[in-house]
Amino acid sequence: MTTPQPFSFEASPLTEPVDARAVRAFAAQVRARTATGASASTVIGIIALVIAGVVFVPIMVSLVVTLASVSGSPGSATVVLLLAALVVAAVGVLIWAGVRRAREIRYRLDGFARANGMSYVPRVANPALPGMIFGIGSGRLAKDLVRGQSPRHVEFGNYQYTVKSGKHSTTYKWGYVAVKLDVPLPNIVLDALGNNAVFGSNLPASFHKEQALSLEGDFDRYFRLYCPAGYERDALYLFTPDIMARFIDNAAQLDVEIVDDWMFLYTKRQVSTLDPATWAWLFGAVGALMTKFDQWARWRDERLLAASAGPIPVPTPGVTDSVAGAGTTTGRDAANPAALPFAPPAGMLTPPPGVAPQGRRLRRRSSWIPVLFLVIAGVAWFWIRLN
């Protein structure tokens, strides 16, 4: 196992006292930068106020009048009215405190990003990332993004999406780290066993079992690795023993996906947070893995070399090749079949960066858990009907 190296960073903006005026000024700057019409929160607030005015106020007036007429005492109705006013005021205070807290979090994260040579983005709708969590459901939103560009692009963010099933909907929340790689790599998933749920993997996608690859040492105790069929040797090249040790030591509680020229780390907890310990953990994990990315940058898919060359036609033996000249036949080239399918174009000694189509995405399968729930619900309903 490798020993994790300490990672130093400036964490004081996450915890030090802040000036309320500076927080308000920063909130105004964010609104000015992102003002493209009314935001979703503003629209929701207006709708809530309208509903309260149209529904709540008439109900309260009717209740007060009814109590006054039944009890014969306007005082009892006044008490109810005061209690309702206190409830409304308490709700208003909670909303105000929540808005203030959200502004402070954004202000602190922006200061933290700048103190560490990074940048802060409050929110991005429908982020254009190829990871498995980014193409599901509706209402896709990445929030509190902290981005760095050196030595390579890294993005820390919180993400959510909503999946509707009939009249019901569920919002799923993730934390993620996105790291830009030097070259596209085969689609490889490392399902961390330490964060799985009762029924198995907590990932939003399931993969065919024949794509699972067992690696040496203790790696299988921490991760289940999936790679496209035919890319087993490539996965062994990418996940050498020293790289496997880095993942075990630094990312054993994180699910990992390599897709195109990105590596994603997934977790069900918030990644962009005010907790310095979380940032120390994530910075340490990313820093430990980055030191091995140079080896990944040298990987090439030999299938692209074969595809770019294409099959060389085999002519009828004895037919003269007019280009080669009299007396020369192409039949002798066909006598070396090993060279035909893999003959590179002139000047191409190695495959170009990229991945052949069969290695770009893992084959997915439907999850059995929803089916199990439907079967259980059906059996329960049938049993209730019989009894």
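Assorted remarks:
- In the range 142-170, the residues that are touching a residue at least 12 places away in the same chain (Cβ under 8 Å), in a strand (DSSP E or B) and farther than 14 Å from Gln270 by Cβ: Arg147, Gly148, Val154, Glu155, Tyr161, Thr162, Val163, Lys164
- Residue in the range 281-297 that is part of a helix (DSSP H, G or I) and among the β-branched types (Val, Ile, Thr) present: yes
- Residue in the range 280-303 that is nearest to Phe264 (Cα to Cα), counting only those that are surrounded by fewer than 19 Cβ atoms within 10 Å (Cβ to Cβ) and among the aliphatic types (A, V, I, L, M): Met290
- Restricting attention to the range 124-141, the residues that are surrounded by fewer than 13 Cβ atoms within 10 Å (Cβ to Cβ) and part of a strand (DSSP E or B) add up to 2.
- Just one of the listed residues (Leu181, Leu215, Leu185) is hydrophobic (A, V, I, L, M, F, W, C), surrounded by 14 or more Cβ atoms within 10 Å (Cβ to Cβ) and not in a strand (DSSP E or B), namely Leu215.
- In the range 203-230, the qualifying residues are those that are closer than 18 Å to Thr267 by Cα and without any contact (Cβ under 8 Å) to a residue 40 or more places away in the chain, and the one that is farthest from the chain's Cα centre (by Cα) is Tyr222.
- Pair list, Cβ < 9 Å and 6+ apart or interchain, from the range 297-317 residues that are at pLDDT 90 or above to residues that are surrounded by 14 or more Cβ atoms within 10 Å (Cβ to Cβ) and β-branched (Val, Ile, Thr): Ala297/Val183; Arg298/Val183; Trp299/Val183; Arg300/Val183; Asp301/Val355; Arg303/Val355; Leu304/Val355
- In the range 256-280, the qualifying residues are those that are assigned to a strand (DSSP E or B) and out of contact with any helix residue (DSSP H, G or I) (no Cβ under 9 Å at 6 or more places or on another chain), and the one that is farthest from Asn202 (Cα to Cα) is Asp261.
- Residues in the range 221-235 that are surrounded by 18 or more Cβ atoms within 10 Å (Cβ to Cβ) and not in a helix (DSSP H, G or I): Phe223, Arg224, Leu225, Tyr226, Cys227, Pro228, Tyr231.
- Counting only helices (runs of 4 or more DSSP H) wholly contained in the range 1-93, the ones carrying 1 or more residues that are of a type in the set (S, T, N, Q), modelled with pLDDT under 70 and outside the structural domain of Phe247 (by TED's automatic domain parsing) occupy 40-51, 57-71.
- Matching residues, the range 111-123, being in a strand (DSSP E or B) and buried (at least 19 other Cβ atoms within 10 Å of the Cβ): Tyr120, Val121
The values are calculated or read from the model by the stated rules, or taken from the named source; none is laboratory data. Everything numeric here is computed off the predicted structure, so don't read it as measured data. Neighbour counts run over all protein chains shown; Cβ positions are idealised from the backbone, glycine included.
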